[in-house]
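Below you'll find the structure, written out as structure tokens, and then a few comments.
What follows draws every value from the coordinates through simple rules; no lab data is involved. Remember, predicted model here, so these are calculated numbers, not experimental data. Cβ: placed from backbone, ideal geometry, glycine included. Neighbour counts: every protein chain shown.
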Amino acid sequence: MATRSTDKKTSKAGKAGKPGKLASKSLPELRRQIDSIDQQILKLLGRRARTAQQIGQTKSKGSKSVLDVGREKAVFTAIRAANPGPLGDDAVEAIFREVISACRAHQAPTSVAFLGPAGTFSHAASVRQFGHAADFEAVGTIEDVFASVEAGRARYGVVPIENTTEGAVTPTLDALATTSAGVVAEILVKVDHYLLSKHGDPAKIKTIASHHQPLAQCRKYLAEHYPNVEQQAAASTASAAILASKRAGVAAIGSKLAAEIYGLQIVARSIQDVAGNVTRFLVIGNDPQPKPSGEDRTSLVILVRDEVGVLGRVLHPFTGNKVNLSMIESRPLAGRPWEYRFFIDVGGHVTDKRLARALREVEDISLSTKVLGSYPVAG
């Protein structure tokens with residue numbers, strides 16, 4: 001596999017790079033060539049924006065959706081497949097994500113609420129999905145994200161649902177049970193913890209601040225490199241970054257985005273103890289149900305009585321109809337003893353025949369079954 005990957009990269013570089021011809025031109029000539037290419041790119045960007053606007057105008061009447069995750073996923077897949085190099089696939093996707101973001105904002109303002117302050121991983125997830133052209137609103141709690149979307153102050157909200165090391169995010173689960181908004185997309189974000197400071201000098205670090213979870217997730221690194229440095233718990237990684245931006249002796253554990261926002265220097269990268277730490281986020285909104293993309297996930301909340309074997313009876317319709325389960329979490333109902341909600345993620349779109357049949361069977365067993373949303377699986 002490694003050989004194939006190397007060959008692909010070499011092939012891309014070989015297609016694009018012609019060092020002999022470039023070297024024969026003078027610096028002014030090369031700069032004029034760049035200027036000419038920039039003008040061509042600018043014209044194509046304008047053409048793309050106008051076409052995107054026409055697409056927005058021809059969408060079905062009354063549709064409030066400006067986010068088409070399935071279509072965007074297909075675009076990124078095609079771009080990666082067609083990329084001739086020498087730019088890597090991730091770099092090319094990042095460029096096109098911003099192009100799509102700008103075109104989307106040209107169609108209609110896209111406001112997004114996230115758990116703040118600016119620079120949190122929720123903020124990074126929001127930027128990953130919507131690009132920098134969106135209007136972002138940092139709010140104080142996960143419940144506030146839902147409230148902002150439900151009240152129409154934000155078109156979309158981004159909330160964490162689960163982490164590979166910390167498990168499910170219970171405030172999100174509880175809010176999903178009662179919200180009028182639906183799940184329209186998911187985002188996967190690799191949690192890379194950076195050590196950040198105002199000066200970038202490890203010798204000047206007297207205190208390391210962060211949320212208690214990143215401090216725990218970087219325990220081995222901190223014990224090895226900063227065994228005698230005080231650790232300070234903060235309300236969030238962004239709060240720690242703000243503190244580090246004001247005090248020279250304080251370093252923060254946070255995201256790369258936090259470094260950019262608060263003008264911090266990177267002391268060390270990827271300092272987390274577990275390399276494969278990923279957080280899954282959900283995008284909530286009041287959009288119509290997304291159409292099937294061919295690779296979808298459906299989120300459900302099922303209310304049941306506390307009875308012997310009830311979980312097995314609830315799950316049987318899914319296994320019996322060959323519907324894959326990817327997550328199951330239970331939460332007790334406040335003020336209603338012996339009743340529980342099960343939060344379940346299954347493979348497929350709610351319109352798929354097997355899933356639709358399973359849901360009909362579950363409804364005969366449960367007190368209530370709520371489809372939170374069907375949406376494309378994050379790539």
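Worth pointing out:
- Length released on extending from Lys190 to Asn286, taking residue separation times 0.36 nm less the Cα-Cα span: 31.9 nm
- Rounded to whole Hz, the Karplus (6.51, -1.76, 1.60) HN-Hα couplings of region 74-80, x for glycine and proline: 5, 4, 5, 4, 5, 5, 4
- Shape call, the chain: gyration tensor on alpha carbons, a/c limit 1.5: oblate
- Estimated [θ] at 222 nm from DSSP helical runs (n ≥ 4, -39500 (n - 2.57)) normalised by residues in the chain, nearest 500: -13500 deg cm²/dmol
- Relative contact order computed over region 296-376 (Cα-Cα under 8 Å; 6+ residues apart), in percent: 49
- Each residue of region 48-54 was assigned a 3J(HN,Hα) from its phi angle through the Karplus expression (A = 6.51, B = -1.76, C = 1.60, θ = phi - 60°), giving 5, 4, 5, 5, 4, 5, 5 Hz with x at Gly and Pro.
- Filter on Lys73/Lys353; Lys190/Lys370; Lys291/Lys322; Lys73/Lys256 - keep pairs with C-alpha separation over 27 Å: Lys190/Lys370
- FRET efficiency estimate (nearest 0.05) - Cβ-Cβ, Ala94 to Thr164, R0 25 angstrom: 0.60
- The chain, relative contact order [Cα under 8 Å, separation at least 6], %: 17
- Span from the region 360-379 Cα centroid across to the region 188-226 one, whole angstrom: 40
- Once the chain from Lys206 to Asn324 is taken as fully extended at 0.36 nm per residue, the excess over their C-alpha distance is 37.5 nm.
- Nearest-0.05 FRET efficiency for Leu87 and Asp35, computed from C-beta distance (R0 25 Å): 0.80
- Sites Leu44 and Ser24 - FRET efficiency at Förster radius 35 Å, r taken between beta-carbons, to 0.05: 0.80
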